[in-house]
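Trainee: Before I ask anything, here is the structure I am working with.
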Amino acid sequence: MKELSTKERKLHRQSVLKPVMDEYWIFLNSFEPDKDSNLGKARIHSLNQRKAFSWMDD
């Protein structure tokens with residue numbers, strides 16, 4: 001990856017990570033556990049982090 005330019009690295013990450021993360025968001029939205037359970041808290045935390053991955057949509 002070091003031999004790639006910044007733009008090429010971003011394109012590579014988008015091509016590899018975006019499909020995986022798209023499936024992850026679909027999975028997270030496919031169920032609704034009790035919000036007070038550990039799974040519910042983890043799900044909410046993950047969904048709240050989605051904004052941090054907005055660079056993939058650029």
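Trainee: Before I look further, what does the chain give for accessible area per residue, probe 1.4 Å, in whole square angstrom?
Mentor: 82 Å²
Trainee: Still on this model: With a 1.4 Å probe and every protein chain kept in, tell me what percent of the accessible surface of the chain is carbon plus sulfur.
Mentor: The computed percentage sits at 56.
Trainee: Which residues among the stretch 5-28 fall inside the zone where the amide N is under 11 Å from a point 7 Å beyond the Cα of F53, along Cα→Cβ?
Mentor: Inside the label zone: 17-28.
Trainee: Next question. If only Cα atoms are counted, what is the Rg of the chain, and what is its Dmax, in Å?
Mentor: According to the Cα coordinates of the chain, Rg and Dmax are 14.6, 46 Å.
Trainee: A further question on this structure: Roughly what would the spin-label model give for K7 and H45, points 7 Å off Cα along C-beta, in nm?
Mentor: A separation of 3.8 nm, rounded to one decimal place.
Trainee: Any lysines with Cα under 24 Å of the K2 Cα? List them, leaving off those in the same chain fewer than 8 positions away.
Mentor: K10, K18
Trainee: Can you give the charge dipole size of the chain about its Cα centre, rounded to the nearest 20 debye, using +1 on the beta carbon of Lys and Arg and -1 on the beta carbon of Asp and Glu?
Mentor: It comes to approximately 280 debye.
Trainee: Per residue of the chain, what 222 nm ellipticity follows from adding -39500 (n - 2.57) for every DSSP H run with n ≥ 4, rounded to the nearest 500?
Mentor: That calculation yields -19500 deg cm²/dmol at 222 nm.
Trainee: Could you state the angle between the C-alpha long axis of helix 6-28 and the longest principal axis of the C-alpha atoms of the chain, as a value from 0 to 90 degrees rounded to the nearest 10?
Mentor: 20 degrees
The values are calculated or read from the model by the stated rules, or taken from the named source; none is laboratory data. Quick caveat, the model's predicted, so the values are computed rather than measured. Please note: Cβ atoms are built from the backbone with ideal geometry, for glycine as well, and neighbour counts cover all protein chains shown. Ligands, DNA and RNA are excluded from the accessible area calculation, which covers all protein heavy atoms including side chains. Shrake-Rupley method; radii C 1.70, N 1.55, O 1.52, S 1.80 Å.
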